[in-house]
1. From the residues in the range 26-41 that are touching a residue at least 12 places away in the same chain (Cβ under 8 Å) and of a type in the set (Asp, Glu), which one is surrounded by the fewest Cβ atoms within 10 Å (Cβ to Cβ)?
2. Scanning the range 47-87 for residues that are of a type in the set (Gly, Ala, Ser) and in contact with a Ser or Thr (Cβ under 9 Å, 6 or more places away or on another chain), which turns out nearest to residue 29 (Cα to Cα)?
3. If residue 23 satisfies every condition in (1) within 16 Å of the chain's Cα centre (by Cα); (2) charged (D, E, K, R); (3) surrounded by fewer than 16 Cβ atoms within 10 Å (Cβ to Cβ) but one, which is the exception?
4. Which residue out of 6, 49, 18 is more than 12 Å from the chain's Cα centre (by Cα), in a helix (DSSP H, G or I) and under 26 Å from residue 76 (Cα atoms)?
5. Find all pairs meeting these conditions: Cβ atoms under 9 angstrom apart; at least six residues apart or on different chains; first residue within the range 73-90 and closer than 15 Å to residue 36 by Cα; second residue charged (D, E, K, R) and modelled with pLDDT of 90 or more.
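The values are calculated or read from the model by the stated rules, or taken from the named source; none is laboratory data. What you see is a predicted model; the values in this text were computed from it and never measured. Using ideal geometry, Cβ is built from the backbone for each residue, glycine included, and neighbour counts are taken over all protein chains shown.
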Amino acid sequence: MLNLALSAASVIIGLAVLLNIYRLIKGPAPEDRILAIDTLTINTIALVLLFGIANRSSAWFETALLLAMLGFVSTVLLGKFLGDNNKEAP
């Protein structure tokens, strides 16, 4: 039963990843692309955790934690970069 749940969750999250990639490529505004990158990171973390559960290995949880920290920092930096570029020059 656990294998069926893991497979179904992997398929659903994989579909979400594909939709995030579509929004990353198609996004009309830079803000949409930044949100797509953030959501893509969250979905990747979910896939890594599902892989760790399927393999019964705790090393994948540390990998997911590192991805979460990297995703947070990159989202903040991209948002700051976008905010700084939208200011008008005096």
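1. 31
2. If we take residues in the range 47-87 being of a type in the set (Gly, Ala, Ser) and in contact with a Ser or Thr (Cβ under 9 Å, 6 or more places away or on another chain), then 74 is nearest to residue 29 (Cα to Cα).
3. (3)
4. 49
5. Filtered contacts from the range 73-90: 74/38; 75/38; 78/33; 78/38.
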